[in-house]
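Novice: Just dropping this structure here.
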């Protein structure tokens, strides 16, 4: 991890592999908090870490739930019982 010291009004710049620039500016600090301003290209998503992890977990869980089309396909490919088959509780 790179650790930088910045004062109010100072910035750091980061460059994406595509050459786009991301600028992070210290807007204010005090009371145990630092207020940052972030300028990034439209295609760059900026997340708070704790929210990012929750969203990724939710997306992963949602992918595990079959879609209605997948459920229908499973029902259509499931073998139906033979009409002449006798079950234990039938006489």
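Quick note: the coordinates plus some simple rules give every number you see, no bench work behind them. Every value quoted in this text rests on a predicted model; they were computed, and no experiment measured them.
Novice: Could you list, bin by bin from short to long, the percent of Cα-Cα pairs of the chain in 5 Å steps?
Specialist: 2, 9, 11, 11, 12, 9, 7, 6, 5, 5, 5, 4, 3, 4, 4, 3, 1, 0
Novice: Give the angle, between 0 and 90 degrees and rounded to the nearest 10, that separates the Cα long axis of helix 68-77 from the longest principal axis of the Cα atoms of the chain.
Specialist: 30 degrees
Novice: Also: When the helix-only estimate is applied to the chain (DSSP H runs of n ≥ 4, each -39,500 (n - 2.57), divided by the residue count), what is the mean residue ellipticity at 222 nm, nearest 500 deg cm²/dmol?
Specialist: Taken over the chain, the calculation gives -9000 deg cm²/dmol.
Novice: Work out, step by step, the length gained on full extension between residue 33 and residue 61: first 0.36 nm times the residue separation, then minus their alpha carbon distance; give nm to one decimal.
Specialist: Difference between extended and current length: 6.8 nm.
Novice: Using only the alpha-carbon atoms, how far is helix 49-64 inclined from the longest principal axis of the chain? Give it as 0 to 90 degrees, nearest 10.
Specialist: With rounding to tens, the tilt is 20 degrees.
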